1. Anything in the stretch B:175-195 that is surrounded by 20 or more Cβ atoms within 10 Å (Cβ to Cβ) and either among the aromatic types (Phe, Trp, Tyr) or not in a helix (DSSP H, G or I) (or both)? List them, or say none.
2. What number of residues within the stretch C:53-82 satisfy the criterion of being more than 7 Å from every other protein chain (Cβ to nearest Cβ), within 17 Å of residue C:134 (Cβ to Cβ) and out of contact with any Leu (no Cβ under 8 Å at 6 or more places or on another chain)?
3. If you take the residues in the stretch A:127-144 that are more than 17 Å from the chain's Cα centre (by Cα) and closer than 22 Å to residue B:188 by Cβ, which one is nearest to the other protein chains (Cβ to nearest Cβ)?
4. Could you tell me whether the stretch C:105-122 includes any residue that is in a helix (DSSP H, G or I) and under 30 Å from residue C:167 (Cα atoms)?
5. Just to be sure, is residue C:172 under 13 Å from residue C:31 (Cα atoms), modelled with pLDDT of 85 or more and within 14 Å of chain B (Cβ to nearest Cβ)?
6. Applying the selection to the stretch B:31-49, what residues are buried (at least 18 other Cβ atoms within 10 Å of the Cβ), small (Gly, Ala, Ser) and assigned to a helix (DSSP H, G or I)?
7. Taking residue A:124 as meeting all but one of (1) polar (S, T, N, Q); (2) within 12 Å of chain C (Cβ to nearest Cβ); (3) assigned to a strand (DSSP E or B), write down the number of the exception.
8. Taking only the stretch B:82-115 into account, find how many residues are touching a residue at least 60 places away in the same chain (Cβ under 8 Å) and either aliphatic (A, V, I, L, M) or more than 27 Å from residue A:15 (Cβ to Cβ) (or both).
Amino acid sequence: MAKLENSTKNMVLSLTAITLVVGALLGLVNAVTAEPIEQAKANKQAAAIAAVVPGEGNEISEPETVTSANGEEAVIFTVTKGGQPVGKAVRAVSKNGFGGKITVMFGFDPNGNILGYSVLDCSNETPGLGAKMPDWFQKGQKGDIIGKNPSTNNMTVSKDGGEVDAITAATISSRAFLDALAQAYGVCSGTEVATTSASQQQNATAVASCENSQSCADCAESM
Amino acid sequence: MSYIIMIITAIFVNNIVLAQFLGICPFLGVSKKVGTAGWMGLAVLFVMLIATLVTYPIYYGLLLPFNLGYMQTIIYILVIAALVQMVEIILKKTMPALYSALGVFLPLITTNCTILGVAINVINFEYNLAESVVYSIATALGFTLAMILFAGIREQLAITDKPKAMEGTPIALITAGLLAMAFMGFSGVDKGLSAALGL
Amino acid sequence: MSKLGIIINGLIKENPTFVLLLGMCPTLGTTSSAINGMSMGLATMAVLICSNFVISCLKNLIPDKVHIPCYIVVIAGFVTVVQLLLKAYAPAVDEKLGLFIPLIVVNCIVLGRAESFAAKNGPIDSACDGIGIGLGFTIALTVIGLCRELLGAGTAFGFSVYPESFGALTFVLAPGAFITLGFLVAIFNKLTAKKG
């Protein structure tokens, strides 16, 4: 077959035809994959809830979207079993990650003790440093936060006077993680919101002064 | 104030070439002379700003309302390719002096991933239009800075003795690695600054 | 040239990463581990094979003056297909590679092969070229990822080889990407120079 010549008609026709065909094809693929994509997202969410509030036969309520103290969207799932409250799973966002936002799901029992957590997005954290957060704070690990209660335990990094060991050389990411925890706890325990956000601000100023005096240590964050 | 943090982050902390690995091809290819590197940076600044200004309303005005988010890549790359052509023609007619300086780089820019990357990023980061403009300018400045610094080093590198297998790209890559390491010294600066400014 | 010859050619003689030095952005950006590098390589290979095949089929229907926009549309189409499929069936991979998936569109390898091979050869040969170049790219990315992972975190494909605290974290971070690739290209140069 001879090559089409460079007439304007041919050029417009072929480019339009190809764009239309590709567009239609994409529409088709999009229609086919739309459902699995939603499914994958739902699965991820369900898996995260199951991981942070463990137990067989739990029922999960419809999500309740609220705004946490830092103005970000937080989502609360109430978990019950046979009508009895088991705990709450809270998805919260911290804006203070090393390279942007991080999203973490926390599970609390009815007394506010931390049952578990699952990091949903820490893709902006440094690999090998801040990106260790999915494991670092788990049970038996160095930064273990499981079983602690944000209203009685000081959930800040030891550098800020708290009792949580920060990820080695990733203080900023660790602070962001604990900030997400404070956000989650704040929205989950209605009455404590005020106190949490107040202590939050104190923390913020403490962090600020600390950040100035220890800027060298912070530079070391990524080295 | 937050714009200042944003600019510093985009230029130094999260430099598009040295921390995000976008635009490596022109970074390695057009960095043998400081002058050319500077002009390339300027051309990228120019196109990046226009591309962001054009693609932003397309996404929010056309793709999102009609549920065509999946057409983003294809529409963006076509728009950018068309834009580069148009810029080339307009420059040639109206500003021949600028054209003769930037002209050679313009076709290269279509396949420069910084442009498409920034256009997609401003959507992913949910920036508003003003933030998008600031982000694209700052990113391009970061690109230009990296280009000029790297070209300066390469000019010196060209007159040194190197093992034969290291000549050309390998030594350039290792130099770029050292430059990236130097830029890592900026990490955390944005956080410290925003804390100091009380943001 | 035989079909096998075309594939081998893409693997060694025209290895996109070590010889042609194309597609450097994903080469550096996605190789923080061997698995990530391999995923990126395979995604690019899928796009390469499909776009090479289709462009070769369409080459006579496309007038010369608009061939670049037409090729880009075809490539962008396949990139979006790969992106949607990954989102649906391998969301973890999609999250890891992030921005670099849509950026396959501007990977010079894909457009370069369309121009230099698919536009001149038959559909089957072009698909073989896609396999060869794609494999070359995948292997290169996996090797770089493996080196960085091994030196930086003490693991290979996620399995621990030696205690992590002995690793030089720099290799997982940005500078390590440049330095590792620099040395690998130098080694490749040295080896091929001896043969020739």
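1. Scanning the stretch B:175-195 gives B:183, B:187, B:188.
2. Of the residues in the stretch C:53-82, 6 are more than 7 Å from every other protein chain (Cβ to nearest Cβ), within 17 Å of residue C:134 (Cβ to Cβ) and out of contact with any Leu (no Cβ under 8 Å at 6 or more places or on another chain).
3. Here the answer is A:128.
4. Among the residues of the stretch C:105-122, not one is in a helix (DSSP H, G or I) and under 30 Å from residue C:167 (Cα atoms), which makes the answer no.
5. Values: under 13 Å from residue C:31 (Cα atoms): yes; modelled with pLDDT of 85 or more: yes; within 14 Å of chain B (Cβ to nearest Cβ): yes.
Here the answer is yes, as residue C:172 does meet what is asked.
6. Within the stretch B:31-49, B:37, B:41, B:43 qualify.
7. Going through the list (1) polar (S, T, N, Q); (2) within 12 Å of chain C (Cβ to nearest Cβ); (3) assigned to a strand (DSSP E or B), residue A:124 breaks only (3).
8. So the answer is 6.
The values are calculated or read from the model by the stated rules, or taken from the named source; none is laboratory data. Remember, it's a predicted structure, so these values are computed and weren't measured experimentally. Cβ atoms come from the backbone with ideal geometry, glycine included; neighbour counts cover every protein chain shown. These area figures cover heavy atoms from the full protein model, side chains too; ligands, DNA and RNA do not enter into them. Shrake-Rupley method; radii C 1.70, N 1.55, O 1.52, S 1.80 Å.
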